[in-house]
Amino acid sequence: MENPLTSPLPQDQADVLEDSGCSLVLHNDDVHTFDYVIKALVDICRVTYAQAEQCAILVHCHGKCSVKHGSYDTLLPMHTALLDKQLTSEIVR
């Protein structure tokens with residue numbers, strides 16, 4: 001009898017686990033103001049103003065910041081909307 005704790009997951013369940021481990025990462029640029037970035041994060045990513053402000057500071061100081069975590073399908077529209085605002089972002093697994 002297989003040990004259920006060590007047996008591999010069925011492929012469809014493994015994909016779900018892998019897919020939910022994505023992050024939306026915002027990268028720094030020298031073009032946009034803090035206010036512009038904060039407003040975009042609040043409007044697009046549905047974070048609070050305080051969270052958006054912290055992300056903007058982290059992006060400025062460290063070059064990038066993970067803004068949201070979730071599935072690829074959930075993050076893709078946010079990523080696209082940030083790109084439409086001329087902000088540089090990526091989805092990382």
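In region 50-78, the residues that are without any contact (Cβ under 8 Å) to a residue 60 or more places away in the chain and among the basic types (Lys, Arg) reach residues that are open to solvent by less than 80 Å² (accessible area, probe 1.4 Å) and in a loop (DSSP other than H, G, I, E, B) with C-beta atoms within less than 8 angstrom, at least six apart or across chains, in these pairs: Lys64/Asn28; Lys68/Val47. Screening Tyr72 against (1) within 14 Å of Phe34 (Cα to Cα); (2) out of contact with any His (no Cβ under 9 Å at 6 or more places or on another chain) leaves a single unmet condition, (1).
The values are calculated or read from the model by the stated rules, or taken from the named source; none is laboratory data. No experiment lies behind these values; they were computed from the predicted model shown. No Cβ is skipped: glycine too gets one built from the backbone with ideal geometry, and neighbour counts run over all protein chains shown. Please note that ligands, DNA and RNA were not included when accessible areas were found on the heavy atoms of the full protein model with its side chains. Shrake-Rupley method; radii C 1.70, N 1.55, O 1.52, S 1.80 Å.
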